[in-house]
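So the structure is just underneath, and the comments pick up after that.
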Amino acid sequence: MPASELIAKTATEIVALLKAGEVTTLDLLDALEGRIAEVEPAVNALPTLCFERAREAARALAAKPVAERGVLAGMPVAIKDLVNVAGVRSTQGSPIFADFVPETSDVVVTTLEAAGGVIYAKANTPEFGAGANTFNEVFGRTLNPWDTSKSCAGSSGGSAVALATGTAWMASGSDLGGSLRNPASFCGIVGFRPTPGRVAHGPAALPYNSMSVEGPMARTVADCALMLDAMCGQTPVDPISLERPAVSFVDAVAARRAPKRVAFSRDLGGITPVDPEVADIVERAARRFEAMGCTVEEASPDFADVQMIFQTMRAMGMAAGKKDLLATHRDQLKPEVIWNIEKGLELTMADIAAAELARGRYYHRVRAFYDRYDLVLCPATVVPPYPIEDRYVAECQGHTFSNYIEWCTVAYAFTCAGLPAISVPAGFTAGGLPVGLQIAGPPRGEAAVLAAAAMFEDIAPWAHTLPVDPRGPKG
């Protein structure tokens, strides 16, 4: 099969070919290596490659019976550069770790490898994943392939761009303030933030942290479900990790059980400004749920104190995890990271207690909202892709954001409640740039989110637009 045909197939199709013996992992690695040579110079999504390691793993996997090769059966997977891969340069997007090569892999990697995943590349990320624009002092900028003068968002920007350009069929991401969902929206792919603990990670310095999670990224919802099946499971390394569900996520998607009543909001009750074109595209997408026989009502959970909760919890985590680096490597940290660590160090016990109590009330309010609604639909990002030179979105609709992360409020409103949320392609702006629809489910409601997203994808199939060749600035 020609490499171009392989590159255009979905991950689900590729895994079927692997299990049938019609292609080998070595064939796939050859196809990826060729595609990377074609498009990577224009976008800078996968700055670190490890094909020799991948081919060794592929040969070892091929020696096993097909039934023992896991659900991925030898599928190549790209890994975000915040995650350690044994023997592979793992920088976290920081000059402090520019030459770091770990001896052991994160549990995310070993879980994927046990499921038959083969790691061949590290995807670019902003320094320590801080900031929804993928650039750093080690590898530079990752560009949006739909218009290379635009940002691909972040922090899982390298993964999203690799998927959009055909240099990956599956890629890992992580999400605290929207780092899976923002780049998925900007690049026209699927990014899924699961429930905290659904995907085990670590060993971590803050193992009980429920704000940041690992999750799957792919070109279709079914592919995301397949990758989530390969990623999930309980391990002692992660104390909040969850058991595998009784029904696989692939089966949940295949069942296609439609929601009965969903809430839609253009701006989640006015907690953030939203570009009108983005809001219009997402509203049209949300109304498509009526074609599924679903009631769509304009409503939103009460997210009123989201800023106090999120900004405090994020700053506290940054201070706890990065204060030593501030003391020893301040000159190598970007200003946004310095600001966020210092904000955390300035917090008082009263600040932290207030945020923790407010988060508890917030969770119960939001949880109760799902007694009436199966899902919440809203924009995944508040703006379309913005100029790559801008470090972050500074203002929208006359509102000046108070810091570098506030423009992601529409995503982290769900982070604070620990809810699963996905970004799926909803359409394009008049300028041809992707816009994502965010679908957020109830606590531990991954199956419902994936099933609804798959049904929406059936009605509005965008996957045929991928992969794209990188396109220069428009106009």
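The values are calculated or read from the model by the stated rules, or taken from the named source; none is laboratory data. Because the structure is predicted, anything quoted here is derived from the model rather than measured. Virtual Cβ from ideal backbone geometry, glycine too; neighbours counted across all protein chains shown. Just the protein is used for accessible areas: all its heavy atoms, side chains included, with ligands, DNA and RNA removed. Shrake-Rupley method; radii C 1.70, N 1.55, O 1.52, S 1.80 Å.
Estimated at the nearest 10 Å², the accessible area of K474 is 100 Å² with a 1.4 Å probe. Backbone geometry of the range 412-418 corresponds, through the Karplus equation with coefficients 6.51, -1.76 and 1.60 at θ = phi - 60°, to 3J(HN,Hα) couplings of 6, 4, 7, 4, 4, 9, x Hz, x marking Gly and Pro. Summarising the strand pairing of the chain, around 70 percent of its internal DSSP beta bridges are antiparallel.
Evaluated at q = 0.14, 0.15, 0.21 Å⁻¹, a Debye calculation over the C-alpha positions of the range 19-112 (equal weights, vacuum) places log10 I(q)/I(0) at -0.59, -0.68, -1.17. In summary, the lysines within cross-link reach of K19, defined as a Cα separation below 18 angstrom excluding same-chain residues under 8 places away, comprise K9, K64. For the range 149-178 versus the range 399-440, the spacing of their alpha-carbon centroids is 14 Å. In straight-distance terms, cross-link reach from K343 covers every one of the aspartates and glutamates whose alpha-carbon lies under 20 Å from its own, apart from those fewer than eight places away in the same chain; here that gives E127, D305, D324, D331, D351, E356, E406. Can you grab the distance from the C-alpha centre of the range 52-129 to the C-alpha centre of the range 332-388, Å, no decimals? Between the Cα centre of the range 52-129 and that of the range 332-388, the gap is 30 Å. Sorted on the mean count of surrounding Cβ atoms within 10 Å across their residues, most packed first, peptides 353-360, 116-123, 400-407, 136-143 read 116-123, 136-143, 400-407, 353-360. Calculated on the alpha-carbon coordinates, the convex hull of the chain measures out at 131 cubic angstrom per residue. Cross-link partners for K80 among the lysines, with Cα-Cα distance under 21 Å and sequence neighbours closer than 8 places in the same chain left out: K122, K150, K322, K334. With no solvent and one point on each alpha carbon, what is the Debye value of log10 I(q)/I(0) for the range 29-188 at q = 0.08, 0.09, 0.21 Å⁻¹? Debye curve over Cα of the range 29-188, log10 I(q)/I(0) at q = 0.08, 0.09, 0.21 Å⁻¹: -0.21, -0.26, -1.34.
Of the beta bridges in the range 170-302, as assigned by DSSP with both residues counted there, near 60 percent are antiparallel. Across every direction, the projection of the convex hull enclosing the Cα atoms of the range 364-475 has a mean area of 9.2 nm².
Secondary structure note: in the range 61-185, about 35% of the DSSP beta bridges are antiparallel.
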